[in-house]
Amino acid sequence: MQIDVLIIPYVVIIYSSLLSVFMTYLVVRERDLLIATILTLTQGVFYSLLYLLLMAPDLVLTYIPVSVGVTPLLLFLLVKKTERFER
Amino acid sequence: MFLERVSWRASKRRPRYMSDLLASLAFRTAMIAFVFNIAIALYGVLSRPSLVKKFLCLVAFTDSINIFAVFIGFRYTPGAYPSPPILEAIPTSPAEVETLINTSVDPLPQAMILTAIVIGIACSIFLLTLILMYYRHYGTTNIHEAEEGEEPHAEAL
Amino acid sequence: MNRKDIALALSLSLLVLALSLTISLEGLGPIVPRELRPLGASFVQNSYNPWNASLTSLSLNVVTAIVWDYRGLDTLYETLVLFASIAATLVVLRGYSELSGLGIKGLSDVSKSVTVVIAPLIVVYGIATAIHGHLTPGGGFQGGTIAVVAATLIIAVFSLEYLYRRGVSTSRLMLLRILGLLAIILTSLSLASIGMPSNVNAYILQNMAKDDSALSMPGVLFDTPLAGSIFLYNLFEFIIVFSGLTFAAMMLVLRESELESIKEAAEVYE
Amino acid sequence: MVFLLGFLPIYLMSSAVVVAMLSFITKNRAIYVAFSAASSLVAFIVSLYILSLTIGSSILVYRYGGFPAPLGIVYTVDKLSGFLATLSMFMLLLTSIYSSWMIRSRWLYLYYLLLFLMATGSIGCLYTGDIFNFFVSLELLAISSYALTAFYRDSPRAIRAALRYAISGMIVTSLYLLSTFIIYGSFGTLNMADIALKARNPSIPVAFTGTAFGDVVISSKVAVALITWVFLFKSAIFPLNFAWQPYAYSEAPTPVAAAFTAISDTVGLYGLIRFFYTLFGYDSIIGDFRTSILQLLQIIAISSAFVGALLMSFQRDVKRFIAFSTMVHLSFALLGISLGNVEGIASALLHILSNTLGDSILFYLAGISIVSCGRRLECLGTLKLWRISIIAFGGGVLNLFGVLPVFIGFWGKALLVLSSIRLGTVVYAVLTLFISGVTAIGYFRVLHQISISKANADQLTVRDVTIPHTLALTLLVVTIVLGMGFSLYRPLMDFVLSIGFEVMNDYSIYIARTLTGNLGQ
């Protein structure tokens, strides 16, 4: 029953790539910049999952700190220092 | 139609797995999805007035391009899932290198994306400081509002 | 929907159409590629290959081998891009002054004590990822970004004040960063400069011995593959990325009263 | 001495690092200035030496890390890239000397640091033989340009110009990255020579990379379309230049604005030449597509030159005026490239050269009036205080206008007209002359403005003007010597034409030398 196990990654790949399109759409539409930042962060998690499924452990190790750690933190600080809502 | 063609062609050559069909579907769906992702993010950069939003969309844009490239380097290995391009045994033998060539994904796109991610974060940092400075000058991060409040030929002195 | 939006939508759909056509007409290779591209296969074959010594880099991790050996110049430039962005940040926010005693305490004691335990662990994990970059997934940049998470955690939980009191100032980080970059440049030139006086052929960024140049970096240390200069590059890259990104984080965290000081440093526009 | 080829970018980046180190040791301006000037002088001499090597042995190859071509990164230098790199290093030298006079900032080391990084990126773009390495160099060039644009961060407009430049620039470089990935996906290689070979014959096997991997035709079309867009942006051609060029030129420090032409914009035109002649030439598999794109580029170039000439005529800001003048010249260079014969490419090179020299004269002298009065055109009246300024400024303007055979600017236009006549498209020759006529309005309006505006010596903030005067005069002498040389000394013209010939026809030598290494030397 090797086959059943093997289809799981492909299903997850389809799922996360379709979801990431939806996420990007939400990021473009969202007017609250703080929520948009959190959406970007969530998208980053999905992308890391994709990197993992696409067999790129080096990229996972790079991408998780960058997109889930450093960039959102800097963005939170920026939004806090500037303005929260897009008009 | 494409799907049928590919799976038919595959079935003529090799024993058929269920994951074969699904892999083909996954490849197409994901790559086209990321093409759409690139376009939506680019639309966001070009149309939204808020600089922070532009920045977020820019990040989404570069990230989508990167994932798109990993798909270029991915492959399908019948009967098993591909392995990362890393040798695991020390000391290793020529046979293991040969196995790795048969199972691993393409390492070069990964190396290029690693470079691109670093460049992306470098640009992000600079862009964030610029946006901060922009806010300190204009009191807003909305480019439409900032440009309204400024006379067209103001002397910079 | 004004005219600009329509033009934008049209051109973007053209982009989508072109790229989708490229994909579905198998422009990027067969849709389910079963073989590696020959170039990728060459990298996998040669990355750890003592049996063909003139092309190998003795690294078990093929991605690291490409990043620091086969395409080392790319990575050198990439490091410079990071350097340029730090310098650019400094250009935009120059003239700030690091003020202590602004009275920001940070988060609660519980989170502080948790951070005290976690932060060193993250840094150690980062270092391990960096220096084992040629053996396991990881490398200088990966390790550096992991370690930066610890630094940002400290900034978030303990506030900037704590870092200043610990002697972590931006100018020191900058110095560390410059020294790391200098070390990378010197490493890349080392074999070429050893070879030059004795008239032995050697290349810039060379790692292992080649057909036309006999010089080589140390390949093995106590039975463990060292992958020559890749180990050194990863170590220095760790320092560079850690100091550079921490520097950037500290610059963006600067409090309002610290940012005010850049106005006093205003210059004449010319 | 092919070693120098690989050493030059490393040398430039170490100069940047040393400047940063100096900032921890001393705050003395003189030391920074002396170091940068000496360092860029050495870089200029090295690039000149490399150019002389390319004349002798046509194409030089340096293998980084000792890896053979498609496996590792190689630097491949032919006469074209050697020539443009020499120009770029020349401007680096002039800029670092002029900046010592112009930039009074306390943070001079940051300025020089970014300048050296920009030069490193430029050299990387011009010398490299690898499309991904080109991307990385382009990114270094771009980010240091953004930072230098924002150097006067106390002016809101500088920050806005830098933001515009940075956001549009990041989109564009990401698209370049995307097309790099597409090319890798279909060709299975990143080396320019390898791609050039496979674009002519996809089924030819090459060591390490084998044959092409996917359907080469469709992906080359998409990639070339994207890349053309990127390079048009980089070289500031009409519809795309409004994203950054007038803003960046007018808000960047004056010496940097002068350096943008040679160091940054040139890279776009160089990339176009490289992609449309060496990589995807007339006999490549996308020959028809390439021809139609080149025809489109001809129309774009003409309209861009026309718009630039019109906009130039009613600018009230000196730096914007020069920015639009640059736009006209680069559009002419693009026209020369897209015409697709030897004279066309030679004229493109001469346009780049004459525009660099003329722009620098104008910027360097306008710097005097900007320091003492401001950026309005009326302020140029300050130049009337020195006879040298007036002579050099007039000379620079006449060179850019390009009707007197004494100046190098004339020969660019002459070759362009000759090229379009030889191609049978006389309409372009007529349009070129017509647009040159339109630019005359702008140029003579500026000269007229100088003659009517008053010079008030009492307003002058006293500064020694020896450096701008010396540099402007030197540049003027160079333009005149080159212009006279082209009239009187035939080998100079032959050299420029030989670059055009090499670009058009010698791609097979490029491929052979790159893929077999430089073993003969």
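In the stretch C:36-52 there is no residue that is of a type in the set (A, V, I, L, M), surrounded by fewer than 24 Cβ atoms within 10 Å (Cβ to Cβ), farther than 20 Å from D:Y64 by Cβ and out of contact with any Gly (no Cβ under 9 Å at 6 or more places or on another chain). A single entry from D:V224, D:V217, D:V206 fulfils the requirement of being within 13 Å of D:L515 (Cα to Cα), surrounded by fewer than 24 Cβ atoms within 10 Å (Cβ to Cβ) and either β-branched (V, I, T) or touching a Pro at 6+ places or on another chain (Cβ under 6 Å) (or both): D:V206. When we screen D:R463, D:R422 for residues that are part of a helix (DSSP H, G or I) and either at pLDDT below 90 or farther than 23 Å from D:D317 by Cα (or both), the only hit is D:R422.
Taken as a whole, the structure places D:S203 among residues that are among the hydroxyl-bearing types (S, T, Y) and more than 21 Å from B:A111 (Cβ to Cβ). When the test is whether a residue is among the aliphatic types (A, V, I, L, M), assigned to a helix (DSSP H, G or I), more than 9 Å from chain C (Cβ to nearest Cβ) and crowded, with 24+ Cβ neighbours inside 10 Å, D:A193 passes it. Being surrounded by fewer than 17 Cβ atoms within 10 Å (Cβ to Cβ), among the β-branched types (V, I, T) and touching a strand residue (DSSP E or B) at 6+ places or on another chain (Cβ under 8 Å) holds for only one residue in C:V220, C:V200, and it is C:V200. Under the condition of being more than 9 Å from chain C (Cβ to nearest Cβ), in contact with a strand residue (DSSP E or B) (Cβ under 7 Å, 6 or more places away or on another chain) and among the hydroxyl-bearing types (S, T, Y), the residues counted in the stretch B:58-111 number 2.
Would the stretch D:283-300 turn up any residue that is out of contact with any Gly (no Cβ under 6 Å at 6 or more places or on another chain), part of a helix (DSSP H, G or I), closer than 22 Å to D:V77 by Cα and among the hydrophobic types (A, V, I, L, M, F, W, C)? No. For the stretch D:160-168, check the following and say yes or no: at least one residue is under 24 Å from B:F74 (Cα atoms) and not polar (S, T, N, Q). No. If the condition is being away from chain C (no Cβ under 14 Å) and assigned to a helix (DSSP H, G or I), then the stretch D:367-389 contributes D:L377, D:E378, D:L380, D:G381, D:L383, D:K384, D:L385, D:R387, D:I388, D:S389.
In the set (1) over 25 Å from D:Y75 (Cβ atoms); (2) more than 9 Å from chain D (Cβ to nearest Cβ); (3) in contact (Cβ under 8 Å) with a residue 12 or more places away in the chain; (4) part of a helix (DSSP H, G or I), C:E98 fails one condition alone, (4). Picking from residues in the stretch B:73-107 that are assigned to a helix (DSSP H, G or I) and closer than 22 Å to A:S67 by Cα, the one that is nearest to the chain's Cα centre (by Cα) is B:G73. Among the candidates D:S39, D:S52, the residue that is among the hydroxyl-bearing types (S, T, Y) and touching a residue at least 60 places away in the same chain (Cβ under 8 Å) is uniquely D:S39. Residues in the stretch C:209-232 that are of a type outside the set (D, E), within 12 Å of another protein chain (Cβ to nearest Cβ) and either under 19 Å from D:F3 (Cβ atoms) or in contact with a Phe, Trp or Tyr (Cβ under 9 Å, 6 or more places away or on another chain) (or both): 11 in all. Scanning the stretch A:1-17 for residues that are surrounded by fewer than 16 Cβ atoms within 10 Å (Cβ to Cβ) and either assigned to a helix (DSSP H, G or I) or at pLDDT 90 or above (or both) yields A:Q2, A:I3, A:D4, A:V5, A:I8, A:V11, A:Y15. With respect to the stated conditions, C:A84 is crowded, with 23+ Cβ neighbours inside 10 Å and either assigned to a helix (DSSP H, G or I) or more than 11 Å from chain D (Cβ to nearest Cβ) (or both). Among the residues of the stretch C:132-158, those that are under 13 Å from the mean Cα position of the chain (by Cα) and assigned to a helix (DSSP H, G or I) comprise C:G140, C:F141, C:Q142, C:G143, C:G144, C:T145, C:I146, C:A147, C:V148. Among the residues of the stretch D:463-505, those identified as over 23 Å from the mean Cα position of the chain (by Cα), of a type outside the set (S, T, N, Q) and surrounded by fewer than 19 Cβ atoms within 10 Å (Cβ to Cβ) are D:R463, D:D464, D:I467, D:H469, D:M484, D:L488, D:Y489, D:R490, D:P491. Residues in the stretch D:100-113: is at least one touching a Leu at 6+ places or on another chain (Cβ under 6 Å) and crowded, with 24+ Cβ neighbours inside 10 Å? No, the stretch D:100-113 contains no residue that is touching a Leu at 6+ places or on another chain (Cβ under 6 Å) and crowded, with 24+ Cβ neighbours inside 10 Å.
When D:W101 is tested against (1) touching a residue at least 12 places away in the same chain (Cβ under 8 Å); (2) at the interface with chain C (Cβ under 9 Å from one of its Cβ atoms), exactly one condition is not met: (2).
To keep it simple, each residue is scored yes or no on (1) closer than 17 Å to C:A84 by Cα; (2) in contact (Cβ under 8 Å) with a residue 40 or more places away in the chain; (3) part of a loop (DSSP other than H, G, I, E, B); (4) not charged (D, E, K, R).
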residue	(1), (2), (3), (4)
C:L186	no, no, no, yes
C:P197	no, no, yes, yes
C:N207	no, yes, yes, yes
C:I239	yes, yes, no, yes
C:A248	yes, yes, no, yes
C:I262	no, yes, no, yes
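Residue pairs whose Cβ atoms lie under 9 Å apart, sitting 6 or more positions apart in sequence or on different chains, and linking a residue in the stretch C:1-15 that is surrounded by fewer than 11 Cβ atoms within 10 Å (Cβ to Cβ) to a partner that is at pLDDT 85 or above, are C:M1/C:A9; C:K4/B:L46; C:K4/B:S47. So is D:G72 free of Cβ contacts under 8 Å to residues at least 12 places away in the same chain, in a helix (DSSP H, G or I), within 11 Å of another protein chain (Cβ to nearest Cβ) and crowded, with 17+ Cβ neighbours inside 10 Å or not? Here the answer is no, as D:G72 does not meet what is asked. Residues that are over 30 Å from B:D20 (Cα atoms) and either free of Cβ contacts under 8 Å to residues at least 60 places away in the same chain or within 8 Å of chain B (Cβ to nearest Cβ) (or both): does the stretch A:3-19 have at least one? Checked the stretch A:3-19: no residue is over 30 Å from B:D20 (Cα atoms) and either free of Cβ contacts under 8 Å to residues at least 60 places away in the same chain or within 8 Å of chain B (Cβ to nearest Cβ) (or both).
The values are calculated or read from the model by the stated rules, or taken from the named source; none is laboratory data. The structure presented is a predicted model; accordingly, all values stated were derived computationally and were not measured. Using ideal geometry, Cβ is built from the backbone for each residue, glycine included, and neighbour counts are taken over all protein chains shown.
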